[in-house]
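Colleague: Dropping the structure in here first, questions after.
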Amino acid sequence: MTPAENIDALIAGLTDWRGATLASLRKAILEADPDIIEEWKWMGSPVWSCDGNMVVGNAHKEKVKLTFSHGASLSDPDTLFNNGLGGKVWRAIDIFEGDTIDQRALKELVRSAVAYNQAKKKKKKRTEATPLSRQTADKP
């Protein structure tokens, strides 16, 4: 099965509010940027990527969780993050039954994650493109 088919099956198997919530979150994530791809990793977790992992989605017993791989580096003006706030790398959004998510704000957060990954990729390419002799010659 493809990652998209696995995610479809996961959502279909969640016959309560979590399935509808995960489907809505998935739709918003994919609409945020046309280059986002879906992956199926870590023994059954949907992962959305663009130039690297961005968001992992999981349905737990009492919540649906979106974990942003580099969330601590992202601006969150709409304060969607409500978990992992003290960490140095990731941040998460825990959605409980009855909660609503601002789709516009979620898309902006996902676009921020895309931009973060793309900037990280460009920085890595610049470092790789600089000859080692020039890297060390610039240092006193």
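Colleague: Could you check region 79-93 and list, in sequence order, the residues that are touching a strand residue (DSSP E or B) at 6+ places or on another chain (Cβ under 7 Å) and among the β-branched types (Val, Ile, Thr)?
Modeller: 93
Colleague: Tally the residues that are of a type in the set (D, E, K, R) and over 16 Å from residue 21 (Cβ atoms), restricting the search to region 70-106. Even if it seems obvious, please write down each step before you answer.
Modeller: Let us first name the residues in region 70-106 that are of a type in the set (D, E, K, R), namely 76, 78, 88, 91, 94, 97, 99, 102, 104.
Still in the list and also over 16 Å from residue 21 (Cβ atoms): 76, 78, 88, 91, 104.
Going through region 70-106 one residue at a time, the tally reaches 5.
Colleague: In region 52-91, which residue that is farther than 17 Å from residue 42 by Cα, among the hydrophobic types (A, V, I, L, M, F, W, C) and touching a helix residue (DSSP H, G or I) at 6+ places or on another chain (Cβ under 7 Å) is surrounded by the fewest Cβ atoms within 10 Å (Cβ to Cβ)?
Modeller: Restricting to residues being farther than 17 Å from residue 42 by Cα, among the hydrophobic types (A, V, I, L, M, F, W, C) and touching a helix residue (DSSP H, G or I) at 6+ places or on another chain (Cβ under 7 Å), the top hit is 89.
Colleague: Give the residues of region 16-51 that are part of a helix (DSSP H, G or I) and either touching a residue at least 40 places away in the same chain (Cβ under 8 Å) or surrounded by 19 or more Cβ atoms within 10 Å (Cβ to Cβ) (or both), sorted by residue number.
Modeller: 17, 18, 19, 21, 22, 24, 25, 26, 28, 29, 31, 32
Colleague: Ok, one more. List, please: which pairs have Cβ atoms under 6 Å, are six or more places apart or on different chains, and start with a residue in region 80-92 that is under 18 Å from residue 111 (Cβ atoms) and among the acidic types (Asp, Glu) and end with one that is assigned to a loop (DSSP other than H, G, I, E, B) and modelled with pLDDT of 95 or more?
Modeller: Going by the 6 Å Cβ cut-off, there are no qualifying pairs.
Colleague: Looking only at residues that are in a helix (DSSP H, G or I) and under 12 Å from the mean Cα position of the chain (by Cα) in region 92-112, which one is surrounded by the most Cβ atoms within 10 Å (Cβ to Cβ)? Lay out the reasoning, then the answer.
Modeller: Here is the first cut: in region 92-112, the ones in a helix (DSSP H, G or I) are 103-112.
From what's left, under 12 Å from the mean Cα position of the chain (by Cα): 106-112.
Details: 106: 21, 107: 16, 108: 18, 109: 27, 110: 25, 111: 15, 112: 20.
It comes out as 109.
Colleague: Looking at region 35-66 only, could you name the residues that are of a type in the set (Lys, Arg) and under 11 Å from residue 92 (Cβ atoms)? Please lay out each step first, then the result.
Modeller: The initial filter retains those residues of region 35-66 that are of a type in the set (Lys, Arg), namely 41, 61, 63, 65.
Scanning region 35-66 gives 63, 65.
The values are calculated or read from the model by the stated rules, or taken from the named source; none is laboratory data. Everything quoted here is computed from the prediction, not taken from an experiment. Every residue, glycine as well, gets a Cβ built from its backbone with ideal geometry; the counts of neighbours run over all protein chains shown.
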